[in-house]
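Participant: Here you go, one structure.
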Amino acid sequence: MITVTAFPWVPDFARGQVRDLRVRWALEEAGLPYRARLLEPGEGDSAEYRATQPWGQVPVYQEGDFVLFESGAIVLHIGERSEALLPKEPAARARATQWLIAALNSIEPHVMTVATLDIFHGGEAWAPLRRPSAEAFLQQRLRGLAAALGDKPFLDGDRFTAGDLLMSTVLRILDMTAVMPETPALAAYVARCTARPAFGRALAAQLADFREAA
Ligand SMILES: N[C@@H](CCC(=O)N[C@@H](CS)C(=O)NCC(=O)O)C(=O)O
C-alpha cells in the first residue's frame, strides 16, 4: 500500500494547502489507493524521519521499500504509472514535465516570498519596504504565465497534466495572501483544474484527516 506522510494539525489558514495535497491529488488522478500516515509529535525531527526527508517536512511517499520526497518528484513518479498525469507521447510528456518544473522553479519561489511576507512578517517594520518589489516581480511572472496559457484550458492545450496539477496548487497558495492577481485568466484556470473530482477527493481527505486528528 502506498503511504503519504501528512501533518495531524496545522493552523487554519494552511488547511487545504499542505503539500501532501499534491500527492493525494496525483494518486486520485491515477486511481491508486493510498493511506495518509500522520506524523507523531516530534517525528519530523527524528533521525529516522530525516533519513527519508532531510528537513523533516511532508510529504514523503512510501511504497514497500521505495521512499521518495519532494512533491514534484513524487507527482512525476506517480505520473509514470498514469497517462492521466503524463502523456505517453514523448514530446507531450516532456512538456508536461517542463510545466511541472516551471511551477516549482519559476513561480513557486516568488509566490512563497509574498506568502511568507503576508503570513509571517506582516507586523514587522521592514515588511512594507520589501513587499512592493516582491509583489511586482511575482505579478510579472504571473503575466508571463497568463500569456503562455492564452485561451487554452490547460498549459499544454486541451489536456490536463502533472504540470497543471503542480501549477494550480502553487497558484492556490495566493489564496493565503493579499495578492490580487492582475490576470483573471489564471483564476479561471485554477478553478478549472480544481473542479476535477480527483482534486475534490484529495482536498476532502486532507481536511478530514485534520478533523479526525483533532
Ligand atoms: N519542496 C518540498 C517542500 C515541502 C514543504 O514545504 N512542506 C511543508 C508543508 S507544506 C512542511 O513540511 N513544513 C514544515 C517544516 O518545514 O518544518 C516539497 O514540495 O515537497
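The values are calculated or read from the model by the stated rules, or taken from the named source; none is laboratory data. Quantities reported herein were computed from a predicted structural model and do not represent experimental measurements. All Cβ positions, glycine included, derive from the backbone under ideal geometry; neighbour counts span all protein chains shown.
Participant: Taking segment 145-165, which residues are small (Gly, Ala, Ser) and surrounded by fewer than 14 Cβ atoms within 10 Å (Cβ to Cβ)? Full working, then the answer.
Facilitator: First, pick out the residues of segment 145-165 that are small (Gly, Ala, Ser): 146-148, 150, 157, 162-163.
Correct list: 147, 148, 150, 157.
Participant: Moving on. Within segment 3-14, identify whether any single residue is under 24 Å from residue 99 (Cα atoms) and either out of contact with any Leu (no Cβ under 6 Å at 6 or more places or on another chain) or surrounded by 22 or more Cβ atoms within 10 Å (Cβ to Cβ) (or both), and answer yes or no. Spell out how you get there, then give the answer.
Facilitator: Within segment 3-14, the subset under 24 Å from residue 99 (Cα atoms) is 4.
Narrowing the set further to residues that are either out of contact with any Leu (no Cβ under 6 Å at 6 or more places or on another chain) or surrounded by 22 or more Cβ atoms within 10 Å (Cβ to Cβ) (or both) leaves 4.
Checked against the condition, which is being under 24 Å from residue 99 (Cα atoms) and either out of contact with any Leu (no Cβ under 6 Å at 6 or more places or on another chain) or surrounded by 22 or more Cβ atoms within 10 Å (Cβ to Cβ) (or both), segment 3-14 yields at least one hit.
Participant: Separate question: Got a sec? Which of 159, 192 is in contact (Cβ under 8 Å) with a residue 12 or more places away in the chain, out of contact with any helix residue (DSSP H, G or I) (no Cβ under 7 Å at 6 or more places or on another chain) and in a loop (DSSP other than H, G, I, E, B)?
Facilitator: Numbers: 192 fails: in a loop (DSSP other than H, G, I, E, B).
Result of the check over 159, 192: 159.
Participant: Could you list, in sequence order, the residues of segment 56-84 that are under 25 Å from residue 99 (Cα atoms) and part of a loop (DSSP other than H, G, I, E, B)?
Facilitator: Once the filter is applied, which keeps residues that are under 25 Å from residue 99 (Cα atoms) and part of a loop (DSSP other than H, G, I, E, B), segment 56-84 yields 57, 58, 59, 70, 80, 81, 82, 83, 84.
Participant: Could you tell me how many of the residues in segment 1-24 are assigned to a helix (DSSP H, G or I) and away from the ligand (no atom under 13 Å from the Cβ)? Working first, answer last.
Facilitator: In the first step, residues of segment 1-24 are kept if they are assigned to a helix (DSSP H, G or I); the result is 12-14, 20-24.
If we keep only those that are away from the ligand (no atom under 13 Å from the Cβ) too, we end up with 12.
Residues flagged as assigned to a helix (DSSP H, G or I) and away from the ligand (no atom under 13 Å from the Cβ) within segment 1-24 amount to 1.
Participant: Within segment 55-66, track down each residue that is surrounded by 10 or more Cβ atoms within 10 Å (Cβ to Cβ) and either closer than 15 Å to residue 213 by Cβ or within 13 Å of the ligand (Cβ to nearest atom) (or both).
Facilitator: Quick first cut of segment 55-66, residues surrounded by 10 or more Cβ atoms within 10 Å (Cβ to Cβ) only: 56-63.
Selection gives 56, 57, 58, 59, 60, 61.
Participant: Looking at 129, 100, which is the one that is within 30 Å of residue 80 (Cβ to Cβ) and assigned to a helix (DSSP H, G or I)?
Facilitator: Values: 129 fails: within 30 Å of residue 80 (Cβ to Cβ).
Step by step, each of 129, 100 is checked, and only 100 is within 30 Å of residue 80 (Cβ to Cβ) and assigned to a helix (DSSP H, G or I).
Participant: Every residue in segment 29-54 that is farther than 19 Å from residue 170 by Cβ, more than 13 Å from the ligand (Cβ to nearest atom) and in a helix (DSSP H, G or I), please.
Facilitator: 30, 47, 48
Participant: On the given criteria, is residue 86 under 18 Å from residue 167 (Cα atoms) and at pLDDT 95 or above? Walk me through how you get there before you give the answer.
Facilitator: Details: under 18 Å from residue 167 (Cα atoms): yes; at pLDDT 95 or above: yes.
In short, yes.
Participant: Hey, does segment 29-42 have a residue that's in contact with a helix residue (DSSP H, G or I) (Cβ under 7 Å, 6 or more places away or on another chain) and exposed (fewer than 14 other Cβ atoms within 10 Å of the Cβ)?
Facilitator: Taking every residue of segment 29-42 in turn, none turns out to be in contact with a helix residue (DSSP H, G or I) (Cβ under 7 Å, 6 or more places away or on another chain) and exposed (fewer than 14 other Cβ atoms within 10 Å of the Cβ).
Participant: Same structure, new question: If a residue has to be more than 18 Å from the chain's Cα centre (by Cα) and part of a helix (DSSP H, G or I) to count, how many in segment 140-156 make the cut?
Facilitator: Final tally of qualifying residues: 7.
Participant: OK, next. When you look at residue 87, is it in a loop (DSSP other than H, G, I, E, B) and surrounded by fewer than 15 Cβ atoms within 10 Å (Cβ to Cβ), yes or no?
Facilitator: It is false that residue 87 is in a loop (DSSP other than H, G, I, E, B) and surrounded by fewer than 15 Cβ atoms within 10 Å (Cβ to Cβ).
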